[in-house]
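Each remark here refers to the structure printed beneath this line.
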Amino acid sequence: MLGCGIDRDYPARHADLARRIAEQGLIVSEYAPGVEPAPWRFPARNRIIAGLALATVVVEARERSGALITADFALELGREVFAVPGEITAALSAGTNRLIRQGAAPLLGADDVLDALGVDRAPPPLAPQVSGDARRVLALLADTPLGADELVRRLELGPAEVGRALVELEIAGRVREGEGMYRLQLTGIYG
């Protein structure tokens, strides 16, 4: 949903994303081609977003934000509104925490949304079998993301063994690496 004409890429750095969405989905705008983005058009756009969605999930929101405008429209339309709780001193959590205080459902995981919408979950896919070293790595990563050096230290394994276990887990889709940290890969749980 756009706050401008469908022939405008706003922001410009999202042009490739817009192209991919158009190829595989749908781009919607209530504005004619050629209409430039303007600050007042985005709250108007948010009412349509709220109307198209069964539920609105607010992940981060300052005390005044477009996400809160969308949540207000969703409430007016009788839609479910969820808010991800955040640190009480963080500016980006002020809006979400206020929504929760006002009665929005706290969102703690995908199950909260699925339950509220009455969506049956697909059974989790069978996890590929992994080696003993890989299982030990998974057990550590269940608590917190860790770097390879820290895994070597905690597991008391050599770098080669930890490296093999990490490659095995990445190939199996069980972990992913980002910025030098390995995390459990949770995608695909609900089909």
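The values are calculated or read from the model by the stated rules, or taken from the named source; none is laboratory data. From a predicted model like this one, the values you see are computed outputs, not experimental measurements. Note: ideal-geometry Cβ built from the backbone for every residue, glycine included; neighbour counts use all protein chains shown.
Remarks
- Taking the stretch 19-35 as the range and being of a type in the set (A, V, I, L, M, F, W, C) and surrounded by fewer than 16 Cβ atoms within 10 Å (Cβ to Cβ) as the test, the residues that pass are I21, A22, L26, I27, V28, A32.
- Evaluation of A44 against (1) of a type in the set (G, A, S); (2) at pLDDT 95 or above; (3) closer than 30 Å to A12 by Cβ (one fails), failing number: (2)
- Evaluating N46 against the criteria (1) farther than 30 Å from R101 by Cβ; (2) in the same structural domain as L108 (by TED's automatic domain parsing) leaves one unmet condition, (1).
- Exclusive hit being under 30 Å from E170 (Cβ atoms), without any contact (Cβ under 8 Å) to a residue 12 or more places away in the chain and touching a Gly at 6+ places or on another chain (Cβ under 9 Å), set P145, P128, P123: P123
- Scanning the stretch 33-62 for residues that are farther than 20 Å from A110 by Cβ and of a type in the set (D, E) returns a single hit, E36.
- Test: residue in the stretch 2-19 that is assigned to a loop (DSSP other than H, G, I, E, B) and in contact (Cβ under 8 Å) with a residue 60 or more places away in the chain: no
- Index of the failed condition, P85 passing every other in (1) surrounded by 13 or more Cβ atoms within 10 Å (Cβ to Cβ); (2) assigned to a loop (DSSP other than H, G, I, E, B); (3) not hydrophobic (A, V, I, L, M, F, W, C); (4) not assigned by TED's automatic domain parsing to the domain that holds R47: (4)
- Test for A55: is it assigned by TED's automatic domain parsing to the domain that holds R98, touching a Lys or Arg at 6+ places or on another chain (Cβ under 9 Å), in contact (Cβ under 8 Å) with a residue 40 or more places away in the chain and surrounded by 14 or more Cβ atoms within 10 Å (Cβ to Cβ): yes
- Hey, D120 part of a helix (DSSP H, G or I), acidic (D, E) and either modelled with pLDDT of 90 or more or surrounded by fewer than 17 Cβ atoms within 10 Å (Cβ to Cβ) (or both) or not: no
- Between A38, A61, A74, the distinction of being assigned to a loop (DSSP other than H, G, I, E, B) and crowded, with 19+ Cβ neighbours inside 10 Å belongs to A61 only.
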